[in-house]
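Read through the structure below, which is laid out as structure tokens, and then see the notes.
The values are calculated or read from the model by the stated rules, or taken from the named source; none is laboratory data. Since the model is a prediction, treat every value here as computed from it, not as a measurement. Reconstructed Cβ throughout: ideal geometry from the backbone, glycine too, with neighbour counts over all protein chains shown.
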Amino acid sequence: MRKAFTIMDQNRDGFIDKADLRDTFAALGRLNVKNEELEEMVKEAPGPINFTVFLTMFGEKLKGTDPEETILNAFKIFDPEGKGHIKADYIKEMLMTQADRFSQEEINQMFAAFPPDVSGNLDYKNLCYVITHGEEKD
């Protein structure tokens, strides 16, 4: 998902906007995309399309395919006791040092959208739900 976002964020400013969408379409060989079509795509987002919003929007499109379980299983690796939360500092370190590394900006975006609780824990079950369903649980 991060690679897809990076590919679409043509100007590398951390947000996908109309210009990025136009450039993405051009890279795929579609040169005459109407402004109205691009505006409609951008309007689907509740605000500026950063990585977290992109994940949420993509999750909304995947409803019914059960990606939530896959995402939960990935987080459960960091939660062997099954508490449903992970220390935010720990997940930050893992995301910034392992595999497809997150940048500090991506970490900031994630924690802005899903802030740790007062004990410094990230509720990854809620995070997975929001990514796959597009809204917080009641």
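Yes or no: the range 76-95 includes at least one residue that is loosely packed, with under 14 Cβ neighbours inside 10 Å, at pLDDT 80 or above and under 21 Å from residue 4 (Cα atoms).
Looking through the range 76-95, none of the residues is loosely packed, with under 14 Cβ neighbours inside 10 Å, at pLDDT 80 or above and under 21 Å from residue 4 (Cα atoms).
Which one of these is assigned by TED's automatic domain parsing to the domain that holds residue 126, more than 13 Å from the chain's Cα centre (by Cα) and not aliphatic (A, V, I, L, M): 13, 23, 89, 17?
89
How about the range 10-27: which of its residues are assigned to a loop (DSSP other than H, G, I, E, B) and among the aromatic types (Phe, Trp, Tyr)?
Of everything in the range 10-27, just one residue is assigned to a loop (DSSP other than H, G, I, E, B) and among the aromatic types (Phe, Trp, Tyr), namely 15.
Restricting to the range 13-41, what's the tally of residues that are at pLDDT below 90 and closer than 25 Å to residue 107 by Cβ?
So the answer is 1.
Taking residue 70 as meeting all but one of (1) surrounded by 15 or more Cβ atoms within 10 Å (Cβ to Cβ); (2) among the polar types (S, T, N, Q); (3) within 24 Å of residue 16 (Cβ to Cβ); (4) at pLDDT 80 or above, write down the number of the exception.
Here residue 70 meets the rest and fails (1).
Looking only at the range 28-52, count every residue that is touching a residue at least 24 places away in the same chain (Cβ under 8 Å) and assigned to a helix (DSSP H, G or I) and tell me the total.
3
Mind checking which residues of the range 102-138 are at pLDDT 85 or above, in contact with a Leu (Cβ under 8 Å, 6 or more places away or on another chain) and closer than 17 Å to residue 73 by Cβ?
Within the range 102-138, 124, 125 qualify.
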